[in-house]
1. I need the calculated FRET efficiency for the pair K101 and A142, taking r as the beta carbon distance and R₀ as 25 Å, to the nearest 0.05.
2. Quick one: work out Rg over Rh on the C-alpha atoms of the chain, Rh as Kirkwood radius.
3. Would you please name the trypsin sites (Lys or Arg not before Pro) within the stretch 83-135 that are DSSP coil residues with at most 14 other C-beta atoms within 10 Å of their C-beta?
4. Which pairs in the list K33/K101; K65/K167; K154/K188; K33/K102; K129/K154; K102/K129 are over 20 Å apart, alpha-carbon to alpha-carbon?
5. Can you give the FRET efficiency to the nearest 0.05 for F35 and K188, using r as the Cβ-Cβ distance and R₀ = 45 Å?
6. So, for the stretch 1-105, what is the accessible surface per residue at a probe of 1.4 Å, expressed in square angstrom?
7. Over 5 Å intervals from 0, what percent of Cα-Cα pairs in the stretch 114-209 sits in each interval?
8. As a check on your grasp of the helix formula, calculate [θ] at 222 nm for the chain: sum -39500 (n - 2.57) over DSSP H runs of n ≥ 4, divide by the residue count, round to the nearest 500.
Amino acid sequence: MYGAAEFARDCAVSRETAERLETYRALLAEWSKRFDLIGPNELDRFWPRHALDSAQLVSFAPNAKRWADLGTGAGFPGLVIACVLAETPGAEVSLVESSTKKADFLNTVIKATNAPAKVFPVRIEDFNKADRSRYDVVTARALAPLMRLIEHAKPILDRGAQGLFLKGSSFEAELAAASKALGAGGFKADVLESRSDPRGRVIRITAQR
């Protein structure tokens with residue numbers, strides 16, 4: 001069975017990082033008994049599917065310290081990234097999640113793990129209006145089609161961030177549908193191999209040079 005030890009090996013993280021993520025997993029299991037945060041079958045796939053899928057993004061931006069995660073939900077990928085970066089000086093992850101229930105859960109995990117993250121319990125549109133900070137990376141997972149993600153992330157991308165968006169087997173169709181939005185925004189898309197899903201990809205969005 002793929003668990004914390006295998007995750008730590010594959011992602012080359014410290015024992016302390018694996019322990020933070022185990023605390024996160026235990027709280028996710030506890031809260032999911034009361035709230036619909038994640039399905040019971042998905043809890044069994046926490047390490048190979050959710051933790052690995054999220055943590056791999058750090059390897060695509062190894063020097064990035066300031067991250068913004070849109071539509072964080074139960075914490076993927078932003079809260080996992082924060083746990084991985086907890087030992088990195090100056091790291092900070094902004095988690096944008098409008099659901100009060102999910103925001104409360106995220107804050108509980110942050111307190112328990114001391115992850116370098118802050119929750120913004122607002123809609124993405126309101127976050128973009130209120131927060132004009134510069135980020136190194138903007139992320140999202142299972143939030144919206146790529147065309148919509150580009151719209152959501154454009155204010156952050158325009159300030160110099162790169163986008164790293166986790167996509168499944170329909171990534172080619174989403175890229176085709178987003179071609180106009182990419183061109184209009186002056187962006188280009190690179191397709192990166194996923195370490196957690198052979199059918200999935202990580203779509204990197206950057207400004208055209």
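1. Values: r = 17 Å, r/R0 = 0.69.
In this case the efficiency is close to 0.90.
2. Numbers: Rg = 16.1 Å, Rh = 17.1 Å.
My calculation puts Rg/Rh at 0.94.
3. Filter output for the stretch 83-135: R123, R132, R134.
4. Checking Cα-Cα distances, K65/K167; K102/K129 exceed 20 Å.
5. 0.70
6. 43
7. Values per bin, smallest distances first: 3, 13, 23, 25, 18, 12, 5, 1, 0.
8. Working: 10 runs with 94 residues, N = 209.
Helices in the chain give a 222 nm mean residue ellipticity of -13000 deg cm²/dmol.
The values are calculated or read from the model by the stated rules, or taken from the named source; none is laboratory data. Every value quoted in this text rests on a predicted model; they were computed, and no experiment measured them. Ideal geometry is used to build each Cβ from the backbone, glycine not excepted, and the neighbour counts take in all protein chains shown. We work out accessible area using only protein heavy atoms, side chains counted, and drop any ligands, DNA or RNA first. Shrake-Rupley method; radii C 1.70, N 1.55, O 1.52, S 1.80 Å.
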